[in-house]
Amino acid sequence: MAGVASEPVSGVAFSYRGGACVVVSAQGYTLVFDPGDLLSDEEIAALPSPVAVLFTQSLDDHFHARTAMKLVSMKGALLIGTSEVCKEVADFVPSIRLVELLPRRGVRIGPLRVFAIEGKHEVPVNLYYVTWGPSFLFAGDTGYVPLSKLKAQLAFLPAGGSSFANPESSVRMALDLEARYVVPIHCSEEEAKQVEGLLSSKAEVIIPVPRKEYIVKL
């Protein structure tokens, strides 16, 4: 399915697109995380507006300049990312559509407040904490980062795919957040099932089927 379902008032709808890419609908806004080059033109066209695109890092499985520019030209999307991401597209994207978000800084997207948290990787990487009363956290690829000062009902967490992320670090962050729902991403099915086993009775783990639409009430 190209778009995402309408979210409940107190929750979100989301669709996993492979890799670290997740499309989330919350409070009337579509948030696209780490699309890389995983979205077709048809899928971009089907995204409900307004659209904001959040890049956690500049590596090409998370960020692809051509896809970023298509999201701006086709949907008028707001791009949010690290300094490295913003430098890559600064000559091609209007400055009003580009936000460089450093760790411990935030930005408003309508009723949503988005805060960047420094991740652990070989390149600069952000985690994104999104709140409007309920909250969720998105981490595209990172090693363990202490998150116990935050609370999030929903967490998209990497469980593999690099030398930094693994099921154990994903579980530690989920427990820090006291997450009710955990979605393992950027990993193999086996790694996702390890997360499910380790969080048994502690959280509902949703192993996402690519392009299936999910709705969770927060």
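The values are calculated or read from the model by the stated rules, or taken from the named source; none is laboratory data. Every value quoted in this text rests on a predicted model; they were computed, and no experiment measured them. Here the Cβ is made from the backbone with ideal geometry for all residues, glycine too, and neighbour counts use every protein chain on show.
Here are some notes:
- When residues in the range 170-193 are screened for being surrounded by 20 or more Cβ atoms within 10 Å (Cβ to Cβ) and polar (S, T, N, Q), 1 of them pass.
- Single match in Val205, Val209, Val183 (criterion: under 30 Å from Glu42 (Cβ atoms), of a type outside the set (Lys, Arg) and touching a strand residue (DSSP E or B) at 6+ places or on another chain (Cβ under 6 Å)): Val183
- The combined condition, being among the charged types (D, E, K, R) and surrounded by fewer than 21 Cβ atoms within 10 Å (Cβ to Cβ), is fulfilled by Asp61.
- Test: residue in the range 108-127 that is in contact with a Lys or Arg (Cβ under 9 Å, 6 or more places away or on another chain), at pLDDT 95 or above, of a type in the set (Val, Ile, Thr) and over 17 Å from Val24 (Cα atoms): yes
- Output for the range 112-147, where each listed residue is within 15 Å of Ala159 (Cβ to Cβ) and assigned to a strand (DSSP E or B): Leu127, Leu137, Phe138, Ala139
- Taking first residues from the range 54-77 that are touching a residue at least 12 places away in the same chain (Cβ under 8 Å) and farther than 22 Å from His121 by Cα and partners that are buried (at least 16 other Cβ atoms within 10 Å of the Cβ) and polar (S, T, N, Q), the Cβ contacts under 9 Å between residues at least 6 apart in sequence or on separate chains come to Lys75/Thr30; Ala77/Thr30.
- Residue match in the range 77-84 (condition: modelled with pLDDT of 95 or more, part of a loop (DSSP other than H, G, I, E, B), in contact with a Leu (Cβ under 8 Å, 6 or more places away or on another chain) and surrounded by fewer than 21 Cβ atoms within 10 Å (Cβ to Cβ)): no
- Residue in the range 5-26 that is under 21 Å from Arg113 (Cα atoms), modelled with pLDDT of 95 or more and surrounded by fewer than 16 Cβ atoms within 10 Å (Cβ to Cβ) present: no
- Subset tally (residues that are small (Gly, Ala, Ser), over 27 Å from Ala46 (Cβ atoms) and in contact (Cβ under 8 Å) with a residue 40 or more places away in the chain) for the range 78-108: 1
- Candidate set: the range 29-58, residues that are part of a loop (DSSP other than H, G, I, E, B) and hydroxyl-bearing (Ser, Thr, Tyr); chosen: the one surrounded by the most Cβ atoms within 10 Å (Cβ to Cβ): Thr56
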